[in-house]
Each structure stands twice: as structure tokens, then as C-alpha cells.
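What follows is a short report on a single structure.
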Amino acid sequence: MKISPLQKARYEYSPKLPGMLRNGISDICVKEGEPTQSVADQDKIKALFPNTYGKKEITFQKGTNTSVAKKQVVGVILSGGQAPGGHNVVSGLYDALKAADRNNVLLGFRNGPSGLVEDDFVEFNDEFINEYRNTGGFDIIGSGRTKIETPEQFEAAAATAKKHGLTAVVIIGGDDSNTNAAVLAEYFAANKLGVQVIGCPKTIDGDLKNDDIECSFGFDTATKTYSELIGNIERDANSAKKYWHFVKVMGRSASHVALECALETQPNICLIGEEVAAKKMSLSQIADYIADSVAARAAKGMNFGVAIIPEGIVEFVPEFGTLIGEINELLAGEKTEEFNALPTWADKYAFIKKGLTPASFAVFDILPEAIQKQLFLERDPHGNVQVSLIESEKLFSALVADKLEQRRKEGKYNGKFKTQHHFFGYEGRCAFPSNFDADYCYSLGYNAFMLIQYGYTGYLSKVSNLSRPAEEWVAGGMPITKMMNMERRNGEDKPVIRKALVDLNGNPFKYFEAHRKEWSENTCFTFPGAIQYYGPTEVCDLTTRTLALEKGTMSLDD
């Protein structure tokens, strides 16, 4: 197979490890901290996880390894959406296993958790692993979104574990996947099956984080990839000087990606869903906010700009949430068939008007017709509107156009407003991991083995102090239950890992808030360029601005 020069060079890159993990497996010991409790609903979470709840946080440090030596047969699973660096988690886990004992075995279960249930696996060896080091994607074994939750699935997973003599399973995934890891760890512990379960924090959305988990892997690479593209668009906008570019980026449940890209590129507008929700902003108010920037720039002769829109922005708009709820009720049960049988959009429009409250219909009626139709085309398996399919970048550009036309009629605006639309999503999920993600992911995998070797289960592999050089990173683990609370899912209370939203009192948002007025009226674009893999450390090993601001290595005055 022919490979590119960059791919060949990345195969040969040696990821950096935290200092204490470089000492050698035999020179790593454990320091235990205090017992933990869940972030909320402690009694309920404890009752659901009696065998794995309340365990201590741990840190690895230099010292004599006191673990009991035994042959390890470990299974690894990639779960959920792709994120740059997943292959390096597998590589780090494999290398640590083999460093401890060449007879240790690593099995990769294909296509997500279903591979464990269906016993679909591959055994890794050096040649196999070496083809995937430092590369993007999850194609080493594929991924999937199956949840192990039925008695039959648990029994099948246990049968697979017994057949192969598994001592542990490592699940690489986001909040839902690691919730499932906690559930699986509890099942194995309750049934005394002798199989440990360790999770690794993955998601480009950046919403799997807390005081312990400083960032999920993939966020660094994905946001740098998007920022490069947005910077390219900004350069084009400033060259052509005739388009407003509306750029939607991934992040349905939180706006971390949008915020980081704004910090990197300084666009004229960036919407932050958490702020929209906190201020209870309406669609009309958001459109006015963007139109103010368009008008201010037009008054200076600048009929161009860039606006970043988070994928899930409409879900943060209170009135839109109410509208979605009413639409879901309107089309419940057999009403969907009645609606779909109507011959024309005019008939369907009348049906909708009759079924919605006046307040919700008023919101619906200001939407462009194309967006109105999107709300009624595709439903999820539960019959609900698939909000993530809404082209919010086109929605807001259309609403802004209406606002500007009204201002023109009132003699308050005399500029030009021509638009281009973009959605950056899949472009960032499988990029070559940045040096940061390559190092971080390799460390997470290596560290996961240390947790296995010392007998921990229901833990998340944890590497912290990430804003510092890798030599100063700190490796350890935290019980997954510490991150959990109870939430309503599909009509039932379920234990889940709490998503981390953008903190409106945090330094990243404060920095953005302090600068956005200047950015909105002037052309302050910055151009990050492509991810750099070779060269000065200050160029190649940069962390995100979000992490730098959170950890104080970047000042609010910078």
C-alpha cells in the first residue's frame, strides 16, 4: 500500500509520556486519595453501583511496583463517534501490556460494544499496531453506538469474556460510552466475573470534562482543524470583501468547539448556546445581535464578515425548545400518518397552525420555509424532531436578511448582505492527531494498563496538568461514578455522566466576552494555519486556548 510522506513520518513519531510513566512499569506505584461521591443524586447512584461507588481517586508516581504479576488478556473497544487520537490510545495500551510481559494479549473488539456481545474480534500484534500509530480515525477496529443494557447483552458479554479469559476491558468513548463502561464494570463486579473495566475520555465536543478530566481527547485536533478552515475563510472574506460567511461547527449539547474556534480566529460573531439559554434570548434577538454587527461593518464600508454557529444552538433558545416540544406532541402516535397523508405543504401548514399554541406558531412562522419543512421531514426512533439536522447556519442568515431588509425600509441600513454557508463536522473527526492529542492519547492508553495492573475497575484513565509540557503531566485514575447524576432519558430516570457546558464565569468565555465587541465591528481575523507536527515546541505542542486560559498559562490580557 502506497502511503504519503506525512503518514510515513507520523508512523515514526514517538509520543511523549508523563514523567512518572517513563520510569518503566516496574518503577511505578500508586498513591491513593480520598473516597469519592457522585456530582449529584448520591444515594441513587450509590444504590445503582454498590460495588464500584465511592472508590478513591488515585495517582501514579515513581516507586516500587507492588501489583500482583499475572498474565493479562485485555479487550479494547472504540465506542461512539470518531475522534483524533483513538489509535494512539490503543497503541499506548498495547505497548504497556507488552512492556509488562510479552505474553500479555490485546484483543480489539470490532464495531463498538457490539463486538464484545457478538465475539467479533482481532488479536493485535506489532505489525498490526504499527500501521495505525499516530494516525486519525477509528478504522483499526471500527466503532459503534450499541449500548450493553439488556440481560441478554450482559450475558453475551460475560460469555465472550469467559471464552477468551479476559482480565479487563478498556472502553474508549464519550459520556454515554463511559456511562456504559461504569454499568458494565458494576455488572462484572456484582457477578464476581473477575473482569475489570476502564474508560478513556473521548469526544471532540469537549463536554466530557470536570476538575479532574481537563479535556477529552480529540478536541485539540478537531478545533485546530476547524480553526484552520475558518481562518482560510476569513482570509477569503477579507480578500473578496463581498460575503458574510455563516459557519456551523460541531457541538450539539455544548458550545466548547465554537468558543475555541472563536478564540483561535477572532470572527465577527460567535454564538454561545449556554449564553443564549442564560439570557433567554429569542430567535429574533439573536438575529438582531448579528444584524447589528453587519450594519456596523457596512457603515464602515465592510460588507463582509464571519459568524460561527454551534451545531446545537437552537436547542438553547427557550422559545424554540417549546416549539419542538409542541411539534413532538402534535405528531405523536397516529397523527404522524395523518400529517404525512396531506397532499400539499399548504395543507400541512394549516394543520400545524391549528395544532400549535399561538406563541409557538409565531416562532414557527418567522422561520424560512425550508427550515419549517426540515422540522417535519425526518424523525428520530422515538418520533421526535431531529434538531441536529436543522441547518442553523442558513436559518440565522435568513433571519438576519429579514432584519436588514426591515432596517433598510426604515432608512437605518444601506449596506449589502450576500452570504455563504459552511458546516464543519466530519472534517475534524479523523484528522491526523496533533502532537498534543498523539501524546495525550498514548498516555491515556498506557495509563489504562497501569489501572488494570493494579486491579482497579469502573475507573476512567486520567492524565492531568495538560497545559504544561508532557514531562510534567500527572497520570492516575478516577471512579466513573464520581461524574454521574440522574437524568430523564426516554421517560425514565437514568444514571449518566453529566455533560460539561461552557462556563460563563470561566476564563475562556470571559476572554471572548471582553473582545467580541471589537471583533464584531472591526476586522480582527487571525489565521491559525495548518496543524504543525515538526518544528519548535512552541509551535508544535500548543494546547488549545481554552485549556491555556483555564489553567492560567494564557492571561486574560494576552
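Okay, residues lined up against (1) surrounded by fewer than 24 Cβ atoms within 10 Å (Cβ to Cβ); (2) among the charged types (D, E, K, R):
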residue: A182; (1), (2): no, no
residue: K202; (1), (2): no, yes
residue: D205; (1), (2): no, yes
residue: S216; (1), (2): no, no
residue: K224; (1), (2): no, yes
residue: E228; (1), (2): yes, yes
residue: E234; (1), (2): no, yes
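Could you please find all residues in region 505-551 being farther than 23 Å from E472 by Cβ and among the charged types (D, E, K, R)?
Scanning region 505-551 gives K510, E513, R516, K517, E518, E521.
Across region 119-173, what is the number of residues that are within 30 Å of K494 (Cβ to Cβ), basic (K, R) and either without any contact (Cβ under 8 Å) to a residue 24 or more places away in the chain or part of a loop (DSSP other than H, G, I, E, B) (or both)?
Result for region 119-173: 2.
Being in contact with a strand residue (DSSP E or B) (Cβ under 9 Å, 6 or more places away or on another chain), not hydroxyl-bearing (S, T, Y) and not in a helix (DSSP H, G or I) is the filter here, so list the residues in region 224-265 that pass it.
W244, H245, F246, V247, K248, V249, M250, G251, R252, A254
Residue check, S443 against (1) surrounded by 19 or more Cβ atoms within 10 Å (Cβ to Cβ); (2) more than 22 Å from the chain's Cα centre (by Cα), all met but one. Which one?
Here S443 clears every test but (2).
Would you check if there is a residue in region 235-256 being on the phi > 0 side of the Ramachandran plot and at pLDDT 95 or above?
Yes, region 235-256 contains a residue that is on the phi > 0 side of the Ramachandran plot and at pLDDT 95 or above.
Among the residues of region 248-270, what is the count of those that are surrounded by 24 or more Cβ atoms within 10 Å (Cβ to Cβ), among the small types (G, A, S) and out of contact with any Leu (no Cβ under 6 Å at 6 or more places or on another chain)?
Here the count works out to 4.
The values are calculated or read from the model by the stated rules, or taken from the named source; none is laboratory data. If you're wondering where the values come from, they're calculated on a predicted model, not measured in any experiment. All Cβ positions, glycine included, derive from the backbone under ideal geometry; neighbour counts span all protein chains shown.
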